[in-house]
Structure formats: structure tokens, C-alpha cells
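**Q** Take this structure first; my questions come after.
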Amino acid sequence: MSGRLKNYSATLGAAVAAVFLAPAAAHADSLIENVNGMTLDSEGKVIRFTAMVIDDDGRVKQLLDRRDKRPREVDFQFDGKGQTLIPGFFDAHGHVMGMGFAALTLDLSGTKSLAEALDRIAQYAADNPSRQWIIGNGWNQEMWGMDRFPTAAELDAVIPDRPVYLSRVDGHAAWVNGVAMKAAGVSAGSKSPGGGTIEKINGKPTGIFVDTAMDLFSDAIPAPRPVENDLALSKAQDILLANGVTSIADMGTTMQDWQSFRRAGDAGQLKIRIISYAAEIDNMIAIGGPGPSPWLYDDHLRLAGVKLYVDGALGSRGALLKKPYADKPGESGLAMLSSAQLKNKMSRAAMDGFQTAVHAIGDQANDEILSAIEELGPTYKGDRRWRVEHAQIVDPADINRFVATGTIASMQPVHQTSDRLMAEARLGPDRLAGAYAWNSLLVSGAKLAFGTDVPVESSNPFAGLAAAMTREDAAGQPFGGWVPEERLNRAQAWHAYTNGAAYAAFAEDRLGSLEPGKRADFLIIDEDILLATPAQIRNLQVLQTWIAGRPAFVKNH
């Protein structure tokens, strides 16, 4: 492409087509003009602009307002038609391959009854007669109005001849049929592993396997082939880009996942930016070796640290609580690691400079991780940015320990609206202080990073923004918000989904905002995010997603 100015402002579609057709090597300085541009700085203050200059490396070179002179010589100019332009979202906690496979397999999310779920399972099996195993996800007995888990017998009634393995919506329990248990060698004599539970009635497995008990099926279920992994990654990228997510922290990256990411990067097909946290120490060492990886593929991929688990999930009563569950007084959750094991694993990661991100949902689990950080902190000095993933139920007495230890609370606002009724049942009304306590953590001085936990929830960040601002669900319930004192204002919520998430991943020098020097990852959306009501934000549409100054997604009109 020559140095002559080419003005593609005639139509939006023509402009976008020109960018897609332009050779990558010829992409030089660009001018994004006539936009209602806005971004946040590191302090959460709004920066407004009407034009943006992007250099040939895909970084923001300059933000301009209406009075600023435009550069005379650029190789590409795009007319935004006055539409709103914001930074791409950074999902602080997701599961990239999990969302890809979830989109390609049986999806039970949204089912309202056991009967509806069984109908969907039977139909899927009929539509896929060649599948050796029926694999799916997304079921939630709470949404079915049931006070118990579903059973293998109920699955056997619709699929008696093929193994079925269905992950609960939170990924912390599996529902299987009798053929699956036989394939995995599970019987009445099987014992629950540490950190897990085989649910039994009268000594016989019911078909529900919680947390580490799910691993009993790992050898029986056929592992996906590399081509299937790559297909799942491609599908995940398409979904993320359509939802306006340009960067994501992948929590629980396996070596197979990493190889898929690398294949995509080598082929020039890694569109989103993935910051990986390896699944346990073995994957951390296998992928990173002596330490975190450098940034690869022009800031599209990096191994930052390791993901560990202290407890399970609240829905399956695996979250580790200080006091027994209100709706099951004999249980207080599952400890996935002992205190000594947790500190040993964190120490192994920290000694080589890996960041640790630890799953902790219950108040006892959060206490455990904070205690470990307090003990390890004096040994492993410097900017460690310890992360607690979820931090859903925190004893109010422990909230100030986050800022005291420099620990980041990596949270998912949509969990609060999804879990509200279940949390009330599990905890009782007197133990809700410290539940999904975004404002209390922020006021204490702790840093927040927001994400979605996709595929547990949709990767669409706008529903999370609305939830963080209102503590209400999509139907506006409960009116005025659930524990409304924990609401955040618009800028605080937006900051946690952008700058805050980038900071949590040691990426704030290049991602999270549209300040000069950072990557030009941005969205064009159909509403002004600073003027829209929470209801409008929830329904906001991404019209275009750009990565490094080039369009990666354009919504079909």
C-alpha cells in the first residue's frame, strides 16, 4: 500500500473490507476518526477522544480531541460515524478450551426442569449416533427446582447403551449413567478420593461425582485429538470476539491447550490475547520450564503462572466453609489441599517467579489462602500479585487481609445474580455479609479484577457490568439489589473489567486501556456506555472488535 492517504469514509462496510483486504505487512499508521471515544486511565478516570492514531505495530500512538490537528499522512483512515469506541474487555477468569468444547457439545444450560434436560439429552444422542460418549455440560439442579442431585437411573432411562458424562454448570460435579460408571470401573466398593465425593445412597453410587471424584473418568473418556482441540479454540475465539473480549486469563491451561494455542499462533490464527495460568504444578513446569514465558506472537500469548484449588463450588457444597452448610448441617465443604500442600505448591511456583492464582470460594478457603500468603510473603518478596480466584464468600474479618498482603480479588459479578437464591440456602440469612463483597473489598483498598468464568457463565461482559452496578438479575430482581451496599459505580465496574484485569495479569503496560503505547484493542458499540442505563448496558451490542488496530469481528447487519 502506498503512502498516499486513502480515505475510506464513504461507508462503514467499505472501510472494514479495505482493512481485511490490506496485506498485513503494509499496515502502517492509521487514523480512527469521528468516534465517541472513551477509555479509563490507571486511576479509573475517564479519558475522552474523537480520534485515535495507531502506529504500524498496532499500538495507540495518540488520542485526539476535536480541536487537535489530524496527521496529514496516514496509510489508512476509518470513519467511525460518531459511534462509541471503548477498549476491548479483559476477562480476568475464563476457560478458553472449555468454552470452545462447551459450544461444540451438549449444552444443558437454560433447561428449567429435569424432564426438559432429559429430553434434550435424548435428542442429542439421537442426533449424534456415532458419538462413543455423550459429553455435555451446563446442568443445574437448582434451576430445576430440585432439592437433590439427579441420578444415574434417570439417565439410564433415556440412554441405557452409551456412556454419558455431563458436567455441572460450575464444573465441580459430574452426572453420569450406569454405562459410564462401568467403563470407569466405578462400583459400590469405590471410595471417595481426597478432595472429592462419590455420592452414594444405601452404599451404591448415585451417578454424581464431586470435584476430584470427577477424575475417576479421565482415563475412560476418549481424549480429544489435536484437530478437535484446534476446532474448540477457533470456536472460542469467535465467541469471545463477538462478545467484545479481546484478552482473557485462561485458568487451568494444560499442555494440550498450550500446544493448541501455539499451533494457532504459528499459523497466524491466534486472534485473542491469552494469558495462561497452568493447571497445577506439573503443567506449569512442562509449559514454562524455569519460569514464566515471554510474550509471544506480538503480545497474544504468555504463560504467567499456575492455577491451584483450595476448595470446590457452593452449588455442589464443595466450597469450604468455617461453619456447616445451613441446608446440610453435617457438611462444611471439601478441602482440595491441606494447608501444608497449598503452601508447598505456592512456594514451588513462587521460587521460579510464577504467579499463583488460587481458587477459593468458601470463607474457610479464603482464610486458608490468605494465611498462606501471609506466611510466604516475607520469603518471596517483590511484586507477586497473589490472586484469589472467585473470593465469593469472605469472612468480613478477613477482608482487610487482601490489601495487607497485596492480594488481588479476581471475581465474577454474574455469579452473584446466578447464585443468589442458592447462596441464601447454603449460608442462611445471617452469613451473607462478605458474600460477593465487591464494594467492601474495593473500599478496603484491595484491587479487583472482573471476569465471567466462561463457560460457567456467558463470556458477554456487559451482563457482568450491569450486575456489578445493580446487584439485580436480568429480570430486575431483587428490586434495589441483593445486599445493595456491595454495588459498584459504573467506572469502578468498568475498570475491574479492563485495567484491573490487565493489572492482575502483569499486563497493564500493554493492555487494559487505550492510552498511548498500549495495544489498540477496541470495540465499536451501539450505545454510550457512560450514559446507558444498566438495562441498556446488559443488552448492549458489539458492532466491531479490533485487535492491534485491525478488525477481527464485524457484526452482520
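**Q** Of all residues in the stretch 141-156 being farther than 11 Å from Gly207 by Cα and out of contact with any Gly (no Cβ under 7 Å at 6 or more places or on another chain), which is most open to solvent (accessible area, probe 1.4 Å)? Spell out the reasoning first.
**A** Quick first cut of the stretch 141-156, residues farther than 11 Å from Gly207 by Cα only: 141-148.
Applying the additional criterion that residues be out of contact with any Gly (no Cβ under 7 Å at 6 or more places or on another chain) yields 141, 143-148.
Numbers: Gln141: 6, Met143: 98, Trp144: 23, Gly145: 71, Met146: 33, Asp147: 149, Arg148: 104 Å².
Among residues in the stretch 141-156 that are farther than 11 Å from Gly207 by Cα and out of contact with any Gly (no Cβ under 7 Å at 6 or more places or on another chain), the one most open to solvent (accessible area, probe 1.4 Å) is Asp147.
**Q** So, one more: In the list His95, His172, which residue meets the criterion of being surrounded by 23 or more Cβ atoms within 10 Å (Cβ to Cβ) and under 21 Å from Glu228 (Cα atoms)? Step through it out loud before you land on a result.
**A** Working: His172 fails: under 21 Å from Glu228 (Cα atoms).
Answer to the check: His95.
**Q** Give the stretch 349-360 a look and list any residue that's of a type outside the set (S, T, N, Q) and open to solvent by less than 10 Å² (accessible area, probe 1.4 Å), or say none. Steps first, answer last, please.
**A** In the first step, residues of the stretch 349-360 are kept if they are of a type outside the set (S, T, N, Q); the result is 349-354, 357-360.
Selection gives Ala349, Ala350, Phe354, Ala357, Val358, His359, Ala360.
**Q** Within the stretch 280-307, track down each residue that is buried (at least 22 other Cβ atoms within 10 Å of the Cβ) and part of a strand (DSSP E or B).
**A** Within the stretch 280-307, Leu301, Leu303, Ala304, Gly305, Val306, Lys307 qualify.
**Q** Here are some residues: Ala507, Ala520, Ala466. Which one is over 16 Å from Gly88 (Cβ atoms) and among the small types (Gly, Ala, Ser)? Steps first, please.
**A** Numbers: Ala507 fails: over 16 Å from Gly88 (Cβ atoms); Ala520 fails: over 16 Å from Gly88 (Cβ atoms).
None of the others qualify; the one that does is Ala466.
**Q** Go through the stretch 450-468 and report how many residues are in a helix (DSSP H, G or I) and either farther than 22 Å from Leu530 by Cβ or open to solvent by 30 Å² or more (accessible area, probe 1.4 Å) (or both). It would help to see each step written out before you state the result.
**A** Pass one, the stretch 450-468, residues in a helix (DSSP H, G or I): 461-468.
Add one more test, that the residue is either farther than 22 Å from Leu530 by Cβ or open to solvent by 30 Å² or more (accessible area, probe 1.4 Å) (or both), and what stays is none.
Counting residues in the stretch 450-468 that are in a helix (DSSP H, G or I) and either farther than 22 Å from Leu530 by Cβ or open to solvent by 30 Å² or more (accessible area, probe 1.4 Å) (or both) gives 0.
**Q** Continuing with the same structure: From the set of residues in the stretch 501-511 that are touching a Gly at 6+ places or on another chain (Cβ under 8 Å) and open to solvent by less than 10 Å² (accessible area, probe 1.4 Å), which is nearest to Asp299 (Cα to Cα)?
**A** Filtering first and then ranking leaves Ala502.
**Q** Give me a count of the residues in the stretch 166-209 that are part of a loop (DSSP other than H, G, I, E, B) and within 27 Å of Arg120 (Cβ to Cβ).
**A** Pass one, the stretch 166-209, residues part of a loop (DSSP other than H, G, I, E, B): 169-172, 177, 185-195, 202-203.
After this cut, where a residue has to be within 27 Å of Arg120 (Cβ to Cβ) as well, the list is 169-172, 177, 186.
Total meeting the criteria: 6.
**Q** Go over the candidates Leu320, Leu314, Leu337 one by one and state the one that is in a loop (DSSP other than H, G, I, E, B), open to solvent by 20 Å² or more (accessible area, probe 1.4 Å), of a type outside the set (Val, Ile, Thr) and closer than 25 Å to Gln141 by Cβ. Break it down stepwise before answering.
**A** Details: Leu314 fails: open to solvent by 20 Å² or more (accessible area, probe 1.4 Å); Leu337 fails: closer than 25 Å to Gln141 by Cβ.
Checking each option against the conditions leaves just Leu320.
**Q** Among Arg471, Arg431, Arg487, Arg420, which is the only one that is open to solvent by 10 Å² or more (accessible area, probe 1.4 Å) and closer than 24 Å to Ile525 by Cβ? Full working, then the answer.
**A** Numbers: Arg471 fails: open to solvent by 10 Å² or more (accessible area, probe 1.4 Å); Arg431 fails: closer than 24 Å to Ile525 by Cβ; Arg420 fails: closer than 24 Å to Ile525 by Cβ.
Testing whether each residue is open to solvent by 10 Å² or more (accessible area, probe 1.4 Å) and closer than 24 Å to Ile525 by Cβ leaves just Arg487.
**Q** Follow-up question, since we're still on this one. Any residue at all in the stretch 419-435 that is closer than 22 Å to Ile248 by Cβ, out of contact with any Leu (no Cβ under 8 Å at 6 or more places or on another chain) and in a helix (DSSP H, G or I)?
**A** no
**Q** Looking at Ile121, Ile159, Ile86, can you tell me which residue is surrounded by fewer than 24 Cβ atoms within 10 Å (Cβ to Cβ) and either outside any helix (DSSP H, G or I) or of a type outside the set (D, E, K, R) (or both)?
**A** Numbers: Ile121 fails: surrounded by fewer than 24 Cβ atoms within 10 Å (Cβ to Cβ); Ile86 fails: surrounded by fewer than 24 Cβ atoms within 10 Å (Cβ to Cβ).
Answer to the selection: Ile159.
**Q** On the given criteria, is Asp473 within 25 Å of Tyr277 (Cα to Cα) and free of Cβ contacts under 8 Å to residues at least 60 places away in the same chain? Walk me through it before giving the result.
**A** Working: within 25 Å of Tyr277 (Cα to Cα): no; free of Cβ contacts under 8 Å to residues at least 60 places away in the same chain: yes.
When the stated conditions are applied, Asp473 does not pass them.
The values are calculated or read from the model by the stated rules, or taken from the named source; none is laboratory data. These figures come from a predicted structure and were not determined experimentally. In this analysis, Cβ positions are derived from the backbone assuming ideal geometry, glycine residues included, and neighbour counts consider all displayed protein chains. Calculation scope for accessible area: heavy atoms of the full protein, side chains included, ligands and nucleic acids excluded. Shrake-Rupley method; radii C 1.70, N 1.55, O 1.52, S 1.80 Å.
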